[in-house]
Amino acid sequence: MKISKLALATLGALMAMGAQASQYVLQAPKWGATQQAAVAKAGGTVKFSHDGAGMAVVQSDNPNFLAAVKAGGAVTSGAADRVVQWTQPLSVVETSVNTSDDTYYNVQWAPQSIHAPEAWAAGYDGSGVRVAVIDGGIYDAHVDLQGAIDVAKSTSFVDGVAFNQDVGTFWHGTHVAGIIAARDNNKGVIGIAPKATIIGVKALHNGSGDFGAVISAIIYAGDRSGAAADIINMSLGAEFDRNEDGAAELRSLMNRAVNYATSQGALVVAAAGNSGIDFDAAKNLTDTPAESGNAIAVSATAPVGWATGLPGTDNFTHPASYSNYGNSMVWVAGPGGDASYPNTTDVCARPAQPSGLVVQRCYVFDFVFSTSRGTTAAGGYSWAAGTSMATPAVAAVAALIKQRFPNATPAQLKTKLAQTADDAGKVGQDNFYGNGYVNAYRAVTQ
């Protein structure tokens, strides 16, 4: 099997960072006083636990902690935690814009490609639906996200760092949040579900984080007394060898967390990943949370040379060059963007560039445009490409469906996404698009 250099780099980062010997993720049929006592007896301290999910994140200086805590039978299984550089966008291009100018919607091919404007015209904008974004920091003071974030329920599972903090000027979580729910306020951009509520659940910082934080975030996001999310967006992922030490346990733990959130009524939407791997063929590899429990995985598509206006450039369903795929993984595809347009000298015939927005290469318009941290108090805007961008588009369509069918279960949302998607690629389900390219209008009218 041939694995791309990017895939090898991702795997290398996972293995090189290794396990954190002092932190563990544990599970039991339930979590209560018996499990707490077992942890204390083995020399551990509980950092996070959840009775209903039967899971905990524990720290210990005892090198034999895992064996000791399982010896009495109160804890059934667990694994040493590890820090992972989770999936990041393939490309990012930041820009400086004047947010007091008219909307930049005309550079947003992504919502147009999935017929979001038609869904809005039909009366569906995500009102009343709660979407948890498990990611890095979300800049809640951004001019396009004001009123979108449930600050009271937003939280962080990264020690010493708030949910609205991160590093640099891009802020992956902020870009994702804007794709879902940037407000229709005549400023900047518009999200696909522009009246949905975002709950920021920080599990990553500067793109990295441990399994314990991600698992804790999933449980919190789904819990009705926590974030009470209807949809959970996870534009993150880690690929590793199924036979690697501790891999089976980590997969089991992630499965359990995802399935707990599902049992609480939250649909978990996850990125397929950016390593260009066919997971039907890569039997030795696993990708989590894309292949975890009841989560649905999203592959990415893009136009090629959209801004030139040349014939054929209105096709938004070209498979993105980096996207992972496979019938065993992908449920649907969404707009993720790509940098595959070869001619950097062509004139950008469309869209008409708004005042204050200058782009010198047409290929940049094939990326997904959304909110970012920027360098000012009002926030900034960036283009980015990756399954990280396709995933929130699908999560936002799920939010529109939830508004249309407020009593829909995660399984019903999953089915509706599939049944109303545009059949792309081979007729019927295929290994890249899964059940098709999401269609927001059909999703809320059929």
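Where a number appears in this text, it was derived from the coordinates with a stated rule and is not lab data. As the structure is a prediction and not an experimental result, all values here were calculated from the model. Positions of Cβ are backbone-derived with ideal geometry, glycine not excepted, and every protein chain shown enters the neighbour counts.
What the table below lists for this structure:
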read-out	value
Per-residue Cβ neighbour rank within 10 angstrom, fewest leading, Asp210, Asp241	Asp241, Asp210
Computed magnitude of the charge dipole of the chain (debye, nearest 20; Cβ of K, R +1, Cβ of D, E -1)	760
Extension gain from Phe405 to Ala121, taking 0.36 nm per residue of separation minus the Cα-Cα distance	100.5 nm
Segment 389-446: Rg to Rh, with Rh as the Kirkwood radius over Cα pairs	0.96
Per-selection metrics, segment 15-83 (Cα): Rg and Dmax in Å	11.1, 36
Extension gain (nm, one decimal) between Val167 and Ala67, 0.36 nm per residue minus Cα-Cα	32.3 nm
Considering only the chain, percent of DSSP beta bridges that pair antiparallel, nearest 5	60
Segment 15-83 - percent relative contact order, Cα under 8 Å, separation 6 or more	47
Contact order relative to length of the chain, as percent, for alpha carbon pairs under 8 angstrom and 6 or more apart	19
q = 0.13, 0.19 Å⁻¹: log10 I(q)/I(0) that the Debye formula gives for segment 266-330, counting C-alpha atoms only	-0.42, -0.72
Helix-only CD estimate at 222 nm, as mean residue ellipticity for the chain, using -39500 (n - 2.57) per DSSP H run (n ≥ 4)	-7500 deg cm²/dmol
Counting all C-alpha pairs of the chain, share separated by more than 44 Å (%)	9
Projected label distance in nm at Gln446 and Asp184, using a 7 Å step from Cα toward the beta-carbon	2.3
Karplus-derived 3J(HN,Hα), 6.51/-1.76/1.60, for each residue of segment 384-393, Hz, glycine and proline x	8, 10, x, 5, 4, 8, 5, 4, x, 4
Of Lys30/Lys70; Lys30/Lys202; Lys195/Lys402; Lys47/Lys70; Lys202/Lys283, pairs whose Cα-Cα distance is over 20 Å	Lys30/Lys202; Lys202/Lys283
